[in-house]
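Every read-out reported here was derived from the displayed coordinates using simple, explicitly stated rules and does not represent laboratory data. Note that this is a predicted model, so its numbers are computed, not measured. A quick note on method: Cβ atoms are made from the backbone with ideal geometry, for glycine too, and the neighbour counts reach across all protein chains shown.
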Amino acid sequence: MAKVKLFKHSSLSLPLAIGAVLVAPLAKAGGLMVWEIGTPTLGTAGAGWAAMPEDASTAFTNPAGTVWREETQLMASGQLLYGNLEFSNGGDSNVPGNDGGNAIEWFPGGGFFAAGRLNDDFGWGFTVAGNLGGSLDYDNGWHGRRFVTETDLIGMSLMPSISWKANDCLSVGLGLNLMTGYYRLESRPRAGLLGGDARLKYDDTDVAPGGNLGIIYKPMDSTTLGLDLTTEVSWEFSYNLKLGGFGPLFEPVFDRLNGRRLTIDMDMPKTATASLQQQLSGDTTLYANLNWQNWSNFGLVGIVIDNPNQTSATVNRNYDDTWHGSLGIRHQLRSGTLAGWALSAGLGYDSSMVENEFRTADVVVDEQWRLGLGARKEICPGLRMDVGYTLVWMGDTPIDQEGDPPFSPRLQGSYDDYSLNFFGASFQFEL
């Protein structure tokens, strides 16, 4: 659990300092950790994530799968995210403004994956990909600007890995996850007793290590079971806090904080994913997923402001661990107009990491339903193309966020018809 240390002034300046910094907390995104990275699981709503050793993307999703191939494989994937996240005022928001516009517009993603065998017993993998975060960009004059106007939390992993085939049924893999994190936050705190907007800005990048342990078990040719475990990754962001525009009454208070080194410790969660790939016939394959993510630890949030006179506090964002389940199917077409294509579909569910009463405008997440559709075709020997689409639906998501005294800003309403749309494609080459 992290601690919050803030410059200690008078009884008035301390809550003002807390209000300026802590009402705009640490994270963002419409999903934080997503299943969509442009790979073939786009077409199955994530199902089969850790049980697809025939894809080069196994270097990211389960390093134990890299040894199960005859040739070296390379995969390049790309995708675009477009969301619908617009605030609807419920009538009790007490900061005048607008609805903020659509806070999630076009955002790119994807990755590069490579996998091969060193010999009959050992395989190798390498990947550069990211499935964490995104961006929120509200209008500067919206009702929730006291809490956030813009925020980014983006994670990108560089992961070399090695795998070992213990026998004809079992392999084990280990990956080193070097994860780069980028975090940015801007908000418009109240300028003072007369109102108006001040400015708060924070922006930093950090790199931290983590681990990825995978197991592939194939009891028969038609069945593949996968288990993938990832460790916690701990970032430490450190940047000079930028504050300004607080007016003549409060400017002396916040001048003492402006430019101070602000350190934020942020722990990305450990995860566990169990997956199934089951061939039902020569042309039809079933996929399944179960997953757990440790978001409750991520919700213990803290900052340290470098200053000789400090006081401590602890912030708990009341996050819950999440679970995920999904089912998908892929069918190879042998005749008709679409002969040579394989079509896929999937349905998934993710529980919410936060209850309605604790939701904040910088982390707008809720329980999610996923619908995935995809298509695959061998373009020529050694070259395969996959295209996919996933709809993530969160529906009407309520929010009632209140800030600290003395001004106690409140954002009350809902995000109606909240959804994310992922469009992606990948190409896999065999060397």
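Take every Cα pair under 8 Å in the chain that's 6+ residues apart, average their separations, divide by the length, and report that relative contact order as a whole percent. Don't jump to the answer; show the numbers that get you there.
Values: 1403 pairs, mean separation 93.5, N = 431.
Relative contact order here is 22 percent.
222 nm [θ] for the chain, helices only, -39500 (n - 2.57) per DSSP H run of 4+, per residue, to 500?
On the way: 4 runs with 27 residues, N = 431.
Estimated from H runs of four or more residues: -1500 deg cm²/dmol.
If a paramagnetic tag sat 7 Å from the Cα of F429 along the Cα-Cβ line, which residues of the range 59-74 would have the backbone N under 18 Å from that point?
59, 70-74
How long is the gain from L286 to D306 if the chain were fully straight, where each residue apart is worth 0.36 nm and the alpha carbon distance is subtracted? Don't skip to the answer; put the middle values down first.
Values: separation 20, 0.36 × 20 = 7.20 nm, distance 5.42 nm.
Answer, rounded to one decimal: 1.8 nm.
Through the Karplus equation 6.51 cos²θ - 1.76 cosθ + 1.60, θ set to phi - 60°, convert the phi angles of the range 219-232 into ³J(HN,Hα) values in whole Hz; use x for Gly and Pro.
Here the 3J(HN,Hα) series is x, 8, 4, 8, 10, 10, 10, x, 10, 10, 10, 10, 8, 5 Hz.
Candidates (1) -0.24, -0.33; (2) -0.47, -0.61; (3) -0.28, -0.37; which is the computed log10 I(q)/I(0) by the Debye sum over Cα atoms at q = 0.06, 0.07 Å⁻¹?
(3)
What is the distance, in nm, between label points placed 7 Å from the Cα along the Cα-to-Cβ direction at Q279 and at Q332?
Output for this residue pair reads 0.8 nm.
Quick check: pseudo-label points 7 Å beyond the Cα along Cα→Cβ at Y217 and D120, how many nm apart are they?
Each label point lies 7 Å from its Cα, and together they span 2.5 nm.
Can you give me the Cα centroid spacing of the range 202-245 and the range 160-181 in angstrom?
14 Å
Taking the Cα-to-Cβ direction at E367 and at W341 and moving 7 Å from each Cα, how far apart do the two end points lie in nm?
Placing both labels 7 Å along Cα→Cβ, they lie 3.4 nm apart.
Which is farthest toward the positive dipole end of the range 4-430 among L383, S163, G43, measuring Cα position about the Cα centre, with Cβ charges +1 (Lys, Arg) and -1 (Asp, Glu)?
Highest projection toward the positive end goes to S163.
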